[in-house]
Structures are given as C-alpha cells and as structure tokens.
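These notes concern the structure reproduced below.
The values are calculated or read from the model by the stated rules, or taken from the named source; none is laboratory data. Here the structure is a predicted model, which is why all the values come from computation and not from measurement. Glycine gets a Cβ as well: all are built from the backbone with ideal geometry, and neighbour counts include every protein chain shown.
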Amino acid sequence: MANGRSDFWTYARGLAAPALLWVLFVVVLVRPVELWFQGDPDYDSAALKEWVGEARVAGDTLRDLVRDYLEALDEGRARDPAFDPEQDGILLLKAEKIHQHLKALGDPVSKMYSSQLPLFPTVYRMEVQFWDREPAGKEPPQWLITWDSELPRNPTQYKELAHRIHPRAQVYLRYHLHAFNKQQQDEQLARARARQVFGLALVGSVPALLWMYLVQQRERERERQRAQAQHQIDQAERLLLENELRRQEAEHQKDDAERKFLEQKLATQAAERQALELKSQIYASIGIMAGSYAHNIKNLLVRPNDLLARCLEADGLAPPQEEMLQEVRHTLGTVTERLQEILRTVRRDPTQAELRRLDLNALLRELQRTWQDLARERWKLDLALDLDPEPLWVAADPSHLQQAVENLLFNARDATFEMRNHQRSVARAAAGDGGGDDRRQALIAAAAWKGRVVLRTRRQDGRAVLEVQDNGIGMSEEVRRRCTEPHFTTKRDNALFEGLHTGMGLGLSFVTVVLEHHRADLEIHSAPLRGTTFRVRFPAPS
C-alpha cells in the first residue's frame, strides 16, 4: 500500500509540470482564439461609445446636450420647488434637441448606409436615461428620452450597450454590428477554426505525454537519491538532537544558577529592608537618648545659673574672683546653647537635613576651640588642625555635620585611650622579665605616651575632603568592615576614659546616615596598632 501511494504521488508530480504547461498554453490561447472567432468586442464597444458620446450634430455632442438639459432642470427646481419639467418650454426644447440628435445619429445608419457599409452598426433603439441624483448601485432610471428606428428586429441578432456620459445620465443602445448573412458565414468560419484548434491541442499533447514519461523516469532517479539523502539527514538530525539535549541540560544548569542568584538577590534586598528598619530604630534611639540627656542637663543648669547670678550681684567681690565667676558664667551659657542645639537636632530626623552653604574650615576651628582644653587636660591627647588655606564651602546641615564630626572625634579619643592601655599592658609584661628599675622605666614610658588627633581638610579633584586621623589602637579588617553597623561595638568598660560607660554602637551608624544625606562618601583606613583615618569626600559644588 505504501509503495502504491508513493508511485501515485511520483506519477502525479511527473504529470504536474506538463499539465501546468498545457493549462498555461490553453489559457494564453483562449483570448486570441476568442477574438479570432468573434472579433474584438471591446474594440467594437469602445468605438460605439466614442461615436455616441462625441459625434456632433449641428455643432453639439450628445454629452453637451445632456449636461445642458440637467443644468436647466436643476436651475428650474432651485427656483421653484413645484417645478414641472413637462410644462417648462425651455426644458422641453432641450429634450427635443436631444431627441433630434438621437434621430440624426440613428437614421443615416439604419436607412441610408446599411447596404453600403455592412460593418457599420444598425441601430434599432437609442435611449438617454436620467436619474435625479447619482445612482447608488443598479437603481432604475427615473425618466427617458428615446428614439426608435421601428425596424424589424430579431432579439437573437442584436446587442445592447450602456454608456455613461454624465454622472446622472447614460445612453442605452440596441444595435446589430453585422448583417445576418455575414453572421452565418462567421459561424461557419468559427467551426472550422475550432477544428483547427482541436488539432493543435492534439499535436501539443504528444510532446506533453513524452515529457511526462521522461519526467517520471527522472523522478524515480530523484526518489532514489532522496532516499539516500534522507538517510544522511536522519543521521544529522540524530546528532543535532543529541546536541540539543546537551544544550538544554546546559540551559537547565544556567536556569538553576540564575534562580539561586535571584534568591540571593531577594535575600540581600530583605537584609537591606531590615537595615533600613534598623536605621529607623537608630534614629528613635538616638533621639530619645540625646533628648532625655540634654533636657535633664538643661534642667540641672537652672539652679547653678541662678546661684551664679546672685554671686555676681553681691558686693565686695575681688576682681580675680569676679573674673573667674564671669568665665564660669560664660561656660555655662555655652553649655546651655549647645544643649538647645542638641534638642533642636534630635527632634529632627537626620534624613530631613536642612542644607545650607557652610565653610568646613570654620566648623573645624569652632570644634577645636570647644574641645581643645578638655582634650589636653582630661583626654591626654593633642587635638591639632591641618586646614586648607582657602575656605572649603560645602552644602551641609551645620548641626548634623557638627555632631557627625564630633562622633568621629570621640571615636578617635577612645582609640587613643585603648592604645595607652595597650602600651601599659605591654610595658607590664616586658617589665615582668626584668628588674625593678626596668619595669619602672617601661611603665613611665607607657604613661608618657600621648595620643594625637588631627583634623585635616583639603581640596582634591574639585571636592572638599575632611580627614580625622588618630594614632590609636586601630582596627582589624573584620572590625573595619563592621564598624558602621548599628549596635556593633568593641568597647569595654575599661576602654573608655574615666566617668563614662560602654558604648552603644550607634556613633558611626549615625555618622553614616548623616553623610548619606549629605551625599558624601566615607572611607576608613585602619590597621591594628597603626591608628585610623576617617576620610569624608563631599560632592563637588553644583
């Protein structure tokens, strides 16, 4: 069954080419043969249309007369809605001119020249058909102007022609192009030509059949070659399928890797959201803590300020005593102003910084004046400035930026204190192996060690740079990476200067938040026992 079906399609494919060629041959010959049998009706109808529309009688064409008639009709209706075309003399005269034109076209042809010009049309009837408006589709005409030759006619011998000469008018003709005996001769000639065409078709069929046989033989050879090629294609497809399976396996592994990457990314985003929530908690913790401390201290200063005012108002104070009391009063006033500033700051979210133009050098000079004496006498460190000679203007919130730099300063202070304790521990360990004098000298050298913090500014690549550098204990790489995390701290009770407790791990987190909203970058360079440098790069002025 399969071989039979294959042979059938092989035969069909072999037959297709000559059959198609023969069909094309017939199609190409249909029109010439039809014209050979019947003449060219398109040419005849075109000639009749030109004759009807363009022939002139008394200087006018039928097209001109019809246009004048319709224009007169439209003008009459525009003047009088009850206009009657059959009662208007001008319109009847124009209709009569059209009738006479039709008669002039038809009479000479039907009566005078029909015997002399057998190929000229015999016109039986002519009509000019009118519409009130342009017809949509095949609407029948509303009225006619006709001419009839009154010649006897056979409906099987005449033809009809409709020719549009105006958007609202057409000419309809009944005519006979040849005499009847001429038509009989043409029919006999057409039958003879049909026999010739049939013979031509038979002659054309012989090479077509021969071609079919040759094509069938060639098709069998091609079938054998196709079978061989198909076997090779099957082998190639099997190799492609194996490659496709390997590719799909690789894509599956890639999808797994992308899925894991996406899961990791989602986890990172969740961690970031958690960090943002933690920052919000930091803001609340800092605000509550600082606000509470500042408010309590402010209340405690009310009584000392009152007592100090009474002392200054008393008589009999020595000038040195009055000068010292005035200095105390000035100091208490400064403390009160700072507490007011702290209260205003903690009541405002660091994310709502009020940026204005600020000289970074002026901020650091004020910071040194505030903390220099305390740093020298209480913290046992040297607070130095290394400022750019020109003003460094940045867009900053003075209160927030001042607290951020003070936090960096306090962090450096604690690092130098820890470094001093480390020096003492090393001295005690080294002195344990030596005599009493050596131990004493080592402890004296450790106690003489002095911390140093440098506040430095400079301009680099158009950006203001602030550095807080210390010679303190330094940080390991892990501590350096995590030091800005909220609530992360390495400080112990003995790592702070006397009178304070262990840190809460919020200082550097607050610094990070403030610098983020100043669009500033923070770099931390540190190593154990080699000190730390906090470098802040502010954005270039816009």
Over segment 45-64, the set of residues small (Gly, Ala, Ser) and outside any helix (DSSP H, G or I) is 55, 58, 59
If only one of 401, 367, 387, 381 is over 20 Å from residue 526 (Cβ atoms), buried (at least 20 other Cβ atoms within 10 Å of the Cβ) and in contact with a helix residue (DSSP H, G or I) (Cβ under 7 Å, 6 or more places away or on another chain), which one is it?
401
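Let's see how each residue does on (1) among the β-branched types (Val, Ile, Thr); (2) at pLDDT below 70; (3) surrounded by fewer than 14 Cβ atoms within 10 Å (Cβ to Cβ):
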| position | (1), (2), (3) |
| --- | --- |
| 44 | no, yes, no |
| 52 | yes, no, no |
| 57 | yes, no, no |
| 84 | no, no, yes |
| 87 | no, no, yes |
Scanning segment 172-187 residue by residue, those modelled with pLDDT of 70 or more and either out of contact with any strand residue (DSSP E or B) (no Cβ under 9 Å at 6 or more places or on another chain) or within 11 Å of residue 125 (Cβ to Cβ) (or both) turn out to be 172, 173, 174, 175
Do you know which residues across segment 148-163 are at pLDDT 85 or above and touching a helix residue (DSSP H, G or I) at 6+ places or on another chain (Cβ under 9 Å)?
148, 161, 163
Say whether the condition of being farther than 23 Å from residue 507 by Cβ, out of contact with any Cys (no Cβ under 7 Å at 6 or more places or on another chain) and either at pLDDT below 75 or outside any helix (DSSP H, G or I) (or both) is met by at least one residue in segment 337-354.
no
Across segment 484-542, what is the total count of residues that are on the phi > 0 side of the Ramachandran plot and either acidic (Asp, Glu) or modelled with pLDDT of 90 or more (or both)?
3
For the structure I just gave you, tell me whether residue 199 is of a type outside the set (Asp, Glu), modelled with pLDDT under 85, part of a helix (DSSP H, G or I) and closer than 26 Å to residue 59 by Cα.
no
Please specify each residue of segment 464-481 satisfying the condition of being of a type in the set (D, E, K, R) and modelled with pLDDT of 95 or more.
467, 470
When residue 164 is evaluated against the numbered criteria (1) among the charged types (D, E, K, R); (2) under 60 Å from the mean Cα position of the chain (by Cα); (3) in a helix (DSSP H, G or I), which criterion, by number, is the only one it fails?
(3)
